[in-house]
Every structure is written in structure tokens, then in C-alpha cells.
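Written below as C-alpha cells is the structure these notes are about.
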Amino acid sequence: MNSEPITKESSKRICNHMNKDHQDAVNAYAEYYGNIKSFRSARIISLCPESIQLKVDDKILDIKFDHILKDCSDAHKTLVKMIKAIPSK
């Protein structure tokens with residue numbers, strides 16, 4: 001990742017990547033940060049400097065970051081940090 005700003009295009013690219021290559025992480029965000037234990041599907045639908053939005057079945061969740069993201073590199077680091085912060089089952 002680089003210091004590219006978070007734009008509509010970069011948000012779409014990050015969301016597509018996460019949904020395609022890291023579905024387990026997307027599901028974990030829904031379960032842990034969204035406090036949803038049972039669902040059929042979860043997808044990241046947008047990312048902005050303040051939060052990610054997930055669509056979990058028919059529900060939209062806004063999961064706030066612990067800080068305002070500076071750029072795409074910060075988004076990557078923050079999403080990784082969030083997944084690592086989830087306690088193991």
C-alpha cells in the first residue's frame with residue numbers, strides 16, 4: 001500500500017479486495033465489531049477515513065476506526081490491526 005489518499009476509487013478497490021481475498025476478516029469484523037453472531041453474508045460496502053460500512057444480510061453497520069485514517073496505507077495497517085485485536089475463539 002502507499003500514501004494514496006482515500007477516495008471513492010481507492011475505497012472501492014479496498015472493499016473489492018477485502019471481499020474477494022479476505023472474506024474471513026470481513027466476517028470477523030461483522031461478528032466482533034458489529035456484535036452479530038449469526039448471518040448469511042457480510043461484505044464491506046465502503047471505507048472512509050472515519051469508518052467502514054458493512055452490509056450484513058439486510059443490515060448496514062458502520063464500524064468506526066479508533067482514529068481518522070490518513071491514507072490507504074493507514075487503512076491497510078488499521079484493518080490488519082483490527083483483525084489482530086479480535087480474541088481467538
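Details
- Normalising the average separation of contacting C-alpha pairs (under 8 angstrom, six or more residues apart) by the number of residues puts the relative contact order of the chain at 31 percent.
- Trypsin sites (Lys or Arg not before Pro) within segment 5-67: DSSP coil, no more than 10 neighbouring Cβ in 10 Å: Lys37, Arg40
- Residues listed by number, segment 61-78, amide nitrogen under 19 Å from Ile45 label point at 7 Å toward C-beta: 61-65
- Amide H contacts of Ser51: Phe65, each under 5 Å away and 5 or more positions distant or on a separate chain (H built 1.01 Å from N in the peptide plane; Pro and chain starts excluded).
- Separation of alpha-carbon centers, segment 53-73 and segment 2-29, rounded to whole Å: 10 Å
- Taking all protein chains as shown and a probe of 1.4 angstrom, Cys48 keeps an accessible surface of around 50 Å².
- Rounded to the nearest 10 Å², the accessible area of Asp24 at probe 1.4 Å: 120 Å²
- Simple point charges give the picture: +1 on the Cβ of Lys and Arg, -1 on the Cβ of Asp and Glu, and for the chain a dipole about the Cα centre of about 200 debye.
- Distance in nm between pseudo-label sites at Lys37 and Asp57 (7 Å out along the Cβ direction from Cα): 1.3 nm
- When all protein chains stay in place and ligands, DNA and RNA are ignored, the 1.4 Å accessible-area order of Ile44, Ile83, largest first, is Ile83, Ile44.
- The chain - percent of accessible surface contributed by carbon and sulfur, probe 1.4 Å: 52 percent
The values are calculated or read from the model by the stated rules, or taken from the named source; none is laboratory data. Note that the structure is predicted; figures quoted are calculated from it, not measured. With ideal geometry, Cβ positions are generated from the backbone for all residues, glycine too; neighbour counts draw on all protein chains shown. Quick note on the areas: whole protein, heavy atoms, side chains included, nothing else; ligands and nucleic acids left out. Shrake-Rupley method; radii C 1.70, N 1.55, O 1.52, S 1.80 Å.
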